[in-house]
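Report on the structure given below.
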Amino acid sequence: MLDRTPQDAFRWPPAPSVAGAAIVPRPSGGGAAGSGGRILGWRDHVLDIERTWLGLERPSWADMIREAGWRRDAAASYCGRCGRTAGGEETLDPCDAPAGEAGCRSCRGRTLAWDRVVRLGEHDGLLRDTVLEVKFSRARGLGHEVGRALGVAIAECIERVRVAMPEIVVVPMPPSRWRRFVRGIDHASVVATGVASELGVGVERWLRRAHRPAQSTLSEASRRRNVAGAMQPTRFGRRRLMDGSAARLVLVVDDVMTTGSTMEEACRRLASVRAGAGEVWACVATAAGPS
Ligand SMILES: [Zn+2]
């Protein structure tokens, strides 16, 4: 079941980004003050007992969110075209503005490889720590929870767009076989599974990826060259892309979008084969802050 919050109607001026911000309301009851001045509740004391007496090293993501006071970004706090934080500038959502006028100062008028970006927040604080733990500690359960939260955000966007999407497909950003072997986890696929689970749809692997140096080790200018031509549709993906199904929403899911080069390559590769109408959304746990 989707844990929907009231819809994030577009507002101008946009609200400041809530990524990583402690904005959960304080409980009204009494309680001791925790770190950062937050009032401790009964759940905090239960966690203390679990950690002290039962040796639990890490709380659930739900508890981590609550302790950090984290909330995912409202749709109005980032650009729905490129995914960058609104940062006080004029940002027009793609479903509120004519083509060519939507977006922010960074992306307005630019042709993008996707129709929309959905993100949980900036690559910072709890969210940054979480995606790194998923990737480097093989924390599959945690990745699944991140995916489910992203699924809720996507569901809200689908409601806002109000366009009939009879078919929704979740496509994970592929790793190279070598990188998957070395890391022992396909983290984007884990997040994608959480998204698909929340939306009640399937995950389909439409792309494969040749091994190249990690994007994170390269300068911004080198990333686009590094990933160019690295992705190809799988045989199954090509067949699905060419079946001409109309009004299909394809959700390309990754954990992090920094410069957008990898996401752009994936979406362009899909578009080069795709037949029929529909939209492609770039769905990521974290995206870049202001440029
Ligand atoms: Zn933008």
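Based on this model, can you work out whether T130 counts as among the β-branched types (V, I, T), at pLDDT 90 or above and touching a Phe, Trp or Tyr at 6+ places or on another chain (Cβ under 9 Å)? When the stated conditions are applied, T130 passes them. Residues that are touching a residue at least 24 places away in the same chain (Cβ under 8 Å), in contact with a Cys (Cβ under 7 Å, 6 or more places away or on another chain) and not small (G, A, S) number at least 1 in the following strands (runs of 3 or more DSSP E) confined to the range 182-291: 248-257, 278-287. Within the range 89-100, being loosely packed, with under 14 Cβ neighbours inside 10 Å and away from the ligand (no atom under 12 Å from the Cβ) holds for P98, A99, G100. If you go through the range 186-207 and keep only what is touching a helix residue (DSSP H, G or I) at 6+ places or on another chain (Cβ under 7 Å) and aliphatic (A, V, I, L, M), you end up with V190, V191, A192, V195, L199, V203, L207. Applying the selection to the range 217-257, what residues are surrounded by fewer than 19 Cβ atoms within 10 Å (Cβ to Cβ) and within 15 Å of W114 (Cβ to Cβ)? None - no residue of the range 217-257 is surrounded by fewer than 19 Cβ atoms within 10 Å (Cβ to Cβ) and within 15 Å of W114 (Cβ to Cβ), so the list stays empty.
Screening R148 on (1) closer than 16 Å to W281 by Cα; (2) of a type in the set (D, E, K, R); (3) touching an Asp or Glu at 6+ places or on another chain (Cβ under 6 Å) shows it passes everything except condition (1).
Considering the range 101-135, and only residues there that are of a type outside the set (G, A, S), part of a loop (DSSP other than H, G, I, E, B) and within 30 Å of I185 (Cα to Cα), the residue that is farthest from the ligand (Cβ to nearest atom) turns out to be D124. The set of residues from the range 102-154 being touching a residue at least 60 places away in the same chain (Cβ under 8 Å), β-branched (V, I, T) and surrounded by fewer than 21 Cβ atoms within 10 Å (Cβ to Cβ) comprises just one member, V152. Given the structure, is R72 at pLDDT 90 or above, within 12 Å of the ligand (Cβ to nearest atom) and in a loop (DSSP other than H, G, I, E, B)? No, not satisfied.
The values are calculated or read from the model by the stated rules, or taken from the named source; none is laboratory data. As the structure is a computational prediction, the values presented were derived from the model and not from experiment. No Cβ is skipped: glycine too gets one built from the backbone with ideal geometry, and neighbour counts run over all protein chains shown.
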